[in-house]
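Contents: one structure, followed by commentary.
The values are calculated or read from the model by the stated rules, or taken from the named source; none is laboratory data. Worth saying up front: this structure is predicted, and the values here are computed from it rather than measured. Every residue, glycine as well, gets a Cβ built from its backbone with ideal geometry; the counts of neighbours run over all protein chains shown. Accessible surface is based on the protein model in full, side chains and every heavy atom, while ligands, DNA and RNA are left aside. Shrake-Rupley method; radii C 1.70, N 1.55, O 1.52, S 1.80 Å.
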Amino acid sequence: MRRFSRRQRWAMVAAITLLVVVLLVDKWRASIRENRSVPDEPFRIAGNLYYVGATGVTSFLLTGPEGHVLIDGGYPETAPLIIASIARLGFDIRDVKVLLNSHAHSDHAGGLRQLQEASGAEVWISEGDADAVATGSGSDAALGRLRILRHVGAFTFPAARVDHRFRDGDTVRVGPIELTAHVTAGHTRGCTSWSFPVRDGERELLAVSICSLTLFPLVSLVEPEAYPGIWADFERSFATLRGLPADVFLGSHSAFFDMDRKRRERATAKDPVAPFIDREGYLAFIDRFERRFRTALADQQ
């Protein structure tokens, strides 16, 4: 009977362990892809503003007589769901003229290329995030030490053609649709919150979709900063958002603005738009994330 040396036994154990890890990672990735493909029910929020995103990760459609605007593309697996949701509402993806993005992470920019190919729309990305979208790298110093996960494909996505790069305060127009870009950096260097008026009957409401105010774990706000100015960027972002007279509170994740609860209330409300008019919730969200930021900053200092 053949006897294996200690080195051979260790080599066998290492090979078996590697095989198990590969199988588990493959299973994990398949599970993630499946979760990304969970559709959500599209619905009208107010006036010409509609929800067309998947479960958890949002996409918003603004419709107009000269073409439509879509905010955020979800994951790569989400793009077909968005196209189907637009069709269910009676619109055509080919009438989308502009694709916008909140930030260059795979859960919001991953589907942009497919949506661009299906619609022929122009993609507008902030200066700070444009390279990450154009290369599909999802690379951003605001990820801090988590950037190492890019090597296992955690943040990468199909690259989209960036047609226009904008700066803070720039305006995007398609016919009567007008959106203002507010670069609320920190989560990424080009993280963009969008504000836009929505006409609902006789009233005009200002909708604000918050990019994100999340600070990733292990991200340094003090010397050496994750990127020069990240602390100041977060400070400006809190002030910018607090200064916007938001009526309709939206965000890049449905949990940010408690969408599921508001949608349930919408079904029985006398005014279906009323649950989404939430200035109080908007300010409470900013306050909550600023407190988390202050705690993290104090700990690091």
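Which residues, taken from the stretch 202-213, are touching a residue at least 24 places away in the same chain (Cβ under 8 Å) and surrounded by fewer than 17 Cβ atoms within 10 Å (Cβ to Cβ)?
Let us first name the residues in the stretch 202-213 that are touching a residue at least 24 places away in the same chain (Cβ under 8 Å), namely 205-213.
The answer is Leu206, and nothing else.
In this structure, is Ser220 open to solvent by 10 Å² or more (accessible area, probe 1.4 Å) and among the small types (Gly, Ala, Ser)?
On the way: open to solvent by 10 Å² or more (accessible area, probe 1.4 Å): yes; among the small types (Gly, Ala, Ser): yes.
It is true that Ser220 is open to solvent by 10 Å² or more (accessible area, probe 1.4 Å) and among the small types (Gly, Ala, Ser).
Would you mind telling me which numbered condition in (1) in a helix (DSSP H, G or I); (2) more than 30 Å from Glu178 (Cβ to Cβ) Pro228 fails?
(1)
Working only within the stretch 238-297, note down all residues that are on the phi < 0 side of the Ramachandran plot, among the acidic types (Asp, Glu) and out of contact with any Lys or Arg (no Cβ under 7 Å at 6 or more places or on another chain).
Asp260, Glu265, Asp271, Asp278, Glu280, Asp287, Glu290
Only one residue in Glu34, Glu66, Glu41 is modelled with pLDDT under 95, open to solvent by 30 Å² or more (accessible area, probe 1.4 Å) and in a loop (DSSP other than H, G, I, E, B), so which one is that?
Glu41
Residues of the stretch 243-301 being buried (at least 20 other Cβ atoms within 10 Å of the Cβ) and hydroxyl-bearing (Ser, Thr, Tyr), which ones?
Once the filter is applied, which keeps residues that are buried (at least 20 other Cβ atoms within 10 Å of the Cβ) and hydroxyl-bearing (Ser, Thr, Tyr), the stretch 243-301 yields Ser252, Ser254, Tyr282.
Can you tell me how many residues within the stretch 133-183 are open to solvent by less than 30 Å² (accessible area, probe 1.4 Å), at pLDDT below 95 and under 21 Å from Ala232 (Cα atoms)?
Residues that pass the stated criteria total 5.
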